[in-house]
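Read-outs throughout are calculated quantities, based only on the coordinates presented, and are distinct from any laboratory measurement. All values derive from a computational prediction rather than experimental measurement. For neighbour counting, all protein chains shown are included, and Cβ atoms are generated from backbone atoms with ideal geometry for every residue, glycine included.
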Amino acid sequence: MNLPKLHSITKKILVALLGGFLLIFLLFHATANLFILRHDGGAWYGAFCHFMGTNWLVKAFEIVLLGAIALHILLTLWLALTNRLARPVRYRQAQKSTTHTTSKLMVWTGILIFVCLAFHFYDFYLVKLGVVKGEYMVKTEKLQSEEMMNLVQFSQQMGMSPEDIVNEMEANAMEYGESDEEMRDYIDGLRGQLVVLDIVQRAQMEGDITEDMQWIRHLTYEERQTLKKVLPESKPEPDFYYMAREKFQVWHIVLGYLVFFVIVFLHMRHAFPSAFQTLGLNNYKYNNIIEVLGRLYAWVVCLMFAVVPILVYFGL
Ligand code: HEM
C-alpha cells in the first residue's frame with residue numbers, strides 16, 4: 001500500500017503540537033465546567049455557553065478545535081500504520097520496551113477517547129447543532145416584539161383573547177375580499193405571534209423564567225423548532241446547565257463519564273512528557289520534573305472534570 005509521503009518526524013511533531021493544543025483546551029473546558037456546580041440556576045454557565053455559542057471568534061476556534069482533533073487522530077493512526085507497514089513480519093518475540101508499551105497504550109486510549117467523544121457529542125454538542133433533541137432557552141427580550149405587544153394590548157382593550165382577535169381579523173379580511181398576499185402574510189405573522197405568546201404564557205405558568213427575567217428556560221425541541229420557524233431571529237440555545245444537571249442524576253451516565261475521564265487521564269499522563277520529548281524540549285536533567293508535571297496536570301484536569309458529575313449526583 002502506498003501512503004502519501006510525509007516524513008515521520010514531521011508527523012510526530014504535528015501530533016505533538018496538536019496534542020499540546022488539545023491539552024490546553026481540556027484545562028479550559030474543565031475549568032468552565034466548574035460553573036455547573038454553582039447553584040445559581042445556570043446564570044454563570046448559561047452566560048458562558050451563550051458567549052461561546054454566539055461570539056464569531058469562538059465559533060472559528062471551534063472549527064480549529066474539531067479540525068485539530070481530527071488531524072491529531074488521523075496522523076496518529078497514519079504513524080501507527082506506517083510503522084506497521086515498515087515491518088510487515090512481526091518480531092518473533094514480543095518487545096518488552098516501555099516505549100513500545102506506552103505508544104501502544106496511547107493508540108488504544110486514543111481510540112477509546114474517540115468512542116467516548118462520540119457519546120459526549122451526542123449528549124451535548126449535537127444538541128447545539130440541532131441533530132439531537134435537548135432542552136433549550138431563549139432570551140426573553142427576543143420574544144417580546146412590538147407586534148406581540150400591540151396584539152396583547154389590543155386584545156385587552158377589546159376584552160377578547162388574542163386568538164379571537166386574529167380569527168376575527170382573518171374572517172373580516174375574507175369577507176372584504178382582502179385575500180391578497182400582503183394580507184395573508186400579515187395574518188400568518190400574527191398567527192406566529194400567537195404561538196410565541198403561548199410559549200411565553202406556558203413558561204410563565206410553569207415558572208420557567210430566570211429570576212432576572214432575562215431567559216425563558218425549559219423549552220422543548222418542538223418549541224425550539226416552532227420558534228425557529230415563526231421567529232428565526234429569536235435564536236433559541238441549548239440549556240447546557242440544566243441538561244448537565246439532569247444527566248448527572250443518572251448513575252450509569254455518571255459512571256460512563258468517570259470511565260471516560262480515567263481513559264483521558266491515561267492518555268494525558270503520557271501525552272505530556274511525550275510531547276516534550278518529540279519537540280526536543282526535554283533534557284535528562286529535567287526529565288523527572290516533566291514526568292511529574294505531566295502526571296500532576298493530568299490529575300488536576302481529570303479531577304476537575306470528575307467533581308462535576310460526582311457532586312451533582314450527590315445533590316451538591
Ligand atoms: C463533566 C465533564 C464534561 C462536561 C459536563 C462537558 C460538557 C460539554 C458541553 C456542554 C459541550 C458543548 C459546549 C458548546 O458547544 O457550547 C461540550 C463540548 C465539547 N466537549 Fe465536553 N464536557 C465534559 C468533558 C469533556 C471531556 C473529558 C472532553 C475530551 C476529552 C470533552 C471534549 C469536548 C469537545 C471536543 C467539545 C466540542 C467543542 C466545544 O464545543 O467546545 N468534554 N462539552
### Task
Return a whole-number percent for the relative contact order of segment 190-288, with Cα pairs under 8 Å and 6 or more residues apart as the contact set.
15
### Task
Can you tell me the equivalent ellipsoid semi-axes for segment 242-316? Use √(5λ) from the Cα gyration tensor, largest first, whole Å.
33, 10, 8
### Gaussian network model of the chain, Cα within-10 Å springs - most flexible of 181, 246, 291
181
#### Entry: Amide hydrogen neighbours beyond the local backbone of residue 215, cut-off 5 Å, H modeled
140, 210
### Message
Give the lysines whose C-alpha is closer than 18 Å to that of residue 142, dropping any in the same chain fewer than 8 places away, or say none.
### Response
228, 229, 235
### Query
Of the residues 159, 294, 134, which exhibits the maximal mean-square fluctuation in a Gaussian network model of the chain defined by a 10 Å Cα contact cut-off?
159
### Message
For the chain, compute Rg over Rh where Rg is the Cα radius of gyration and Rh is the Kirkwood radius from the inverse mean 1/r over Cα pairs.
### Response
1.14
### Message
Principal axis extents for segment 1-81, Cα atoms only, whole Å, descending order, please.
### Response
56, 23, 18
### Task
Note down the relative contact order for the chain as a percent, whole number, built from C-alpha pairs under 8 angstrom at least six residues apart.
28
## Note on the structure
With the charge dipole of segment 139-238 built from beta-carbon charges (+1 for Lys and Arg, -1 for Asp and Glu) about the Cα centre, the Cα from 218, 171, 148 projecting farthest to the positive end belongs to 218
### Query
Once the other residues with Cβ under 9 Å from the Cβ of residue 208 are scored (Lys, Arg +1; Asp, Glu -1), what is the net sum?
+1
### Task
Would you mind checking the tilt of helix 287-313 against the longest principal axis of the Cα atoms of the chain, expressed as 0 to 90 degrees and rounded to 10?
30
### Query
Simple spin-label model, 7 Å along Cα-to-Cβ: residue 293 to residue 182 in nm?
7.1
### Task
On a 0 to 90° scale, report how tilted helix 146-158 is relative to the longest principal axis of the chain, with both axes built from alpha carbons and the result rounded to the nearest 10.
30
### Message
Give the aspartates and glutamates whose C-alpha is closer than 19 Å to that of residue 11, dropping any in the same chain fewer than 8 places away, or say none.
### Response
none
## Note on the structure
With label points set 7 Å from each Cα along the Cα-to-Cβ direction at residue 108 and residue 141, the distance between them in nm comes to 5.5
### Candidates 45, 241, 284, ranked by Gaussian network fluctuation over the chain, Cα under 10 Å, top entry
284
### Query
Any idea what the relative contact order of segment 139-238 is, in percent, if you count C-alpha pairs under 8 Å spaced at least 6 apart?
35
